[in-house]
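Written below as structure tokens is the structure these notes are about.
Rule-based calculations on the coordinates, nothing more; no lab input. Predicted, not measured: the structure shown is a model, and the values here were computed from it. With ideal geometry, Cβ positions are generated from the backbone for all residues, glycine too; neighbour counts draw on all protein chains shown.
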Amino acid sequence: MRIAVTRPEEDAGPLTAKLSAMGHEVVMAPLLTITPREGVSIPALPWQAVAVTSANGIRALPAGHGLTQFRVLTVGPQSLKAATAAGLRAEAHGGDVNGLAAFIRNNLDPKAGPILYLSGAETAGDLHGQLAAAGFDCHRVVLYDAAPAETLGAAETALHAGTIDAVLLYSPRSAKIWRGLVEGAGLGAEAARVAHLCLSRNVAAALPEDWNSAVSESPDEAAILRLLEQSGRTL
């Protein structure tokens with residue numbers, strides 16, 4: 001199968017390697033460009049835990065961040081791997097923002113100290129709001145920006161030629177960007193025939209109802225790759 005990978009370039013490497021090993025051909029279509037912010041400082045507080053929902057939050061940490069002594073909570077394998085590689089004491093829970101929020105609510109005590117939340121300027125969910133509503137003193141620090149792509153790049157040519165079999169979409173924002181670029185290029189009919197494999201129902205909800213879409217059984221990369229294998233047997 002020929003698969004459009006929409007992850008930012010920083011995240012796409014391991015995924016493209018997995019897809020190639022599975023026998024698929026990859027069309028790179030990064031929908032976001034990640035830019036770390038300069039001059040960001042991390043408050044020196046006695047953090048109960050540090051919450052991270054994207055590997056980009058780890059990669060954008062400023063030098064001398066002083067977080068190696070604290071417990072770091074990530075959402076899945078990719079952010080966990082980035083945190084561990086950065087020398088942080090990390091563990092993964094929940095699979096997505098809502099799952100991580102539930103883990104923190106059920107396992108941490110609001111009275112035990114503040115929570116540091118490392119994020120981008122735009123997020124897929126409201127971790128800060130959920131934790132604040134549960135009584136936690138949550139401090140959000142924005143470490144990076146994610147600028148939307150202005151074109152589909154190689155994916156536009158492939159869509160026009162009908163040579164894309166599936167698109168992998170990981171966030172509602174990416175799905176909205178993909179839809180906007182596709183419709184702007186006048187390729188809505190072509191895209192409707194492609195299998196759009198989505199990490200969650202919120203991602204799928206950002207696509208037109210008449211497009212071919214499916215949702216992975218859980219919000220993690222292993223599940224979306226299993227969905228890809230299942231889809232391949234029906235295409």
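What the table shows:
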{"item": "V72, V40 arranged by Cβ crowding within 10 Å, fewest neighbours leading", "result": "V40, V72"}
{"item": "Semi-axes of the equivalent ellipsoid for region 125-169, Cα gyration tensor, largest first, Å", "result": "40, 14, 6"}
{"item": "Proximal lysines to K18, defined as alpha-carbon separation beneath 24 angstrom and excluding residues fewer than eight positions away on the same chain", "result": "K81"}
{"item": "Separation in nanometres of the label points that stand 7 Å from Cα toward Cβ, at A154 and A17", "result": "1.8"}
{"item": "Global form of region 37-146, assessed from the alpha-carbon gyration tensor, a/c cut-off 1.5", "result": "rounded"}
{"item": "Gained length - E229 relative to N106, 0.36 nm times residue gap less alpha-carbon distance", "result": "40.8 nm"}
{"item": "Point-charge dipole on Cβ atoms (K/R +1, D/E -1) for the chain, about Cα centre, debye to 20", "result": "520"}
{"item": "Stretch gain in nm, segment E183-R2, where the contour uses 0.36 nm per residue and the Cα spacing is subtracted", "result": "63.1 nm"}
{"item": "Whole-Å distance, taken between Cα centres, linking region 1-62 and region 184-222", "result": "20"}
{"item": "Region 37-146: relative contact order as a whole-number percent, Cα under 8 Å and 6+ apart", "result": "29"}
{"item": "Contact order relative to length of the chain, as percent, for alpha carbon pairs under 8 angstrom and 6 or more apart", "result": "19"}
{"item": "MRE, 222 nm, helices only [DSSP H, n ≥ 4, -39500 (n - 2.57), over the chain, to nearest 500]", "result": "-10500 deg cm²/dmol"}
{"item": "Amide N of region 19-47 lying under 16 Å from the label point, which is placed 7 angstrom from the Cα of A86 along Cα→Cβ", "result": "34-45, 47"}
{"item": "Inter-probe distance in nm under a simple model that places probes 7 Å from Cα toward Cβ, at D210 and Q69", "result": "6.1"}
{"item": "Antiparallel %, DSSP beta bridges [both residues in the chain], to 5", "result": "15"}
